[in-house]
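The values are calculated or read from the model by the stated rules, or taken from the named source; none is laboratory data. Just so it is clear, the model here is predicted, and its values are computed rather than measured. Glycine gets a Cβ as well: all are built from the backbone with ideal geometry, and neighbour counts include every protein chain shown.
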Amino acid sequence: MFIETLGQNGQERCRVSEADCAAINDLLRQLNPKAGERTVEFIERQLEQINRNGGVAVIREKNGRIVAMGTWTVVPTLMRIEAFASEVSFDQQHPEWRRFLRELGQYIINRAKRAKAERIDLTWNQTRPGYKAFLELGFTEADTRLLRLVL
């Protein structure tokens, strides 16, 4: 098992295989069963933008199959440098999903620290598997409410 950031391997262009695309689609559907199918081209275009201020961290098994992923973004503001973790998903059927989630969370924390972020915001539901793993990594429930405007 190993962790990497998709598209940050020194290539001129972000490259994603068909197998990676299929695994990413499976993981995104765990977050939202209605999530549309992403193509290789779409994912590569998105990675070019995401990788400017963050990345998509993936955990691969020895055979190369992606079994967990999470997008992290660093955003400088006038008050602080903030990081956001989103689209964190993992193969819930895999016997080692808890370890994957802890290692993925720690990877995102380390990347945010390297970027000098003061905090990481993560939207997670107590009913979703893995909530306790994030608490063990040091995440706490914020005392604010998230407001969202769907455009």
Step by step: first the residues of segment 99-130, then only those that are loosely packed, with under 13 Cβ neighbours inside 10 Å and of a type in the set (Ser, Thr, Tyr), then the one that is nearest to Val58 (Cα to Cα). Which residue is that?
Thr123
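Which residue is surrounded by the fewest Cβ atoms within 10 Å (Cβ to Cβ), if the candidates are limited to segment 68-90 and must be among the hydroxyl-bearing types (Ser, Thr, Tyr) and outside any loop (DSSP other than H, G, I, E, B)? Quick ask: steps written out before the conclusion?
Initially, segment 68-90 is screened for residues among the hydroxyl-bearing types (Ser, Thr, Tyr), giving 71, 73, 77, 86, 89.
So of that shortlist, the ones also outside any loop (DSSP other than H, G, I, E, B) come out as 71, 73, 86, 89.
Values: Thr71: 19, Thr73: 20, Ser86: 15, Ser89: 24.
Among those that are among the hydroxyl-bearing types (Ser, Thr, Tyr) and outside any loop (DSSP other than H, G, I, E, B), it is Ser86.
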So for segment 66-74 (the condition being among the polar types (S, T, N, Q) and over 15 Å from Leu122 (Cα atoms)), does at least one residue qualify?
no
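Please state which one of Val40, Val74 is touching a helix residue (DSSP H, G or I) at 6+ places or on another chain (Cβ under 9 Å), over 29 Å from Arg119 (Cβ atoms) and modelled with pLDDT of 95 or more. Don't jump to the end; show me each part of the working.
Values: Val74 fails: over 29 Å from Arg119 (Cβ atoms).
Result of the check over Val40, Val74: Val40.
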So Asp91 passes all but one of these: (1) at pLDDT 95 or above; (2) of a type in the set (Asp, Glu); (3) more than 20 Å from Gln8 (Cα to Cα). Which condition number does it fail?
(1)
Here the qualifying pairs (Cβ atoms under 7 Å; residues six or more apart or on different chains; first in segment 122-151 and more than 17 Å from Phe90 (Cα to Cα); second assigned to a loop (DSSP other than H, G, I, E, B)) come out as Leu146/Thr123
Show the residue pairs meeting these rules: Cβ distance below 9 Å; 6+ apart or different chains; first residue within segment 20-31 and touching a residue at least 60 places away in the same chain (Cβ under 8 Å); second residue outside any helix (DSSP H, G or I) and surrounded by fewer than 19 Cβ atoms within 10 Å (Cβ to Cβ).
Leu27/Glu87; Leu28/Ala35; Leu28/Gly36; Leu28/Arg38; Leu28/Glu87; Gln30/Gln92
In segment 52-67, which residues are surrounded by 13 or more Cβ atoms within 10 Å (Cβ to Cβ) and not β-branched (Val, Ile, Thr)?
Asn53, Gly54, Gly55, Ala57, Arg60, Glu61, Arg65
What is the residue count in segment 1-21 for residues that are part of a loop (DSSP other than H, G, I, E, B) and either closer than 18 Å to Phe84 by Cα or of a type in the set (Asp, Glu) (or both)?
2
Going through segment 95-117 one residue at a time, which ones are within 14 Å of Ala85 (Cβ to Cβ) and part of a loop (DSSP other than H, G, I, E, B)?
Ala115, Ala117
When only residues in segment 22-51 that are under 15 Å from the mean Cα position of the chain (by Cα) and part of a loop (DSSP other than H, G, I, E, B) count, which is surrounded by the fewest Cβ atoms within 10 Å (Cβ to Cβ)?
Asn32
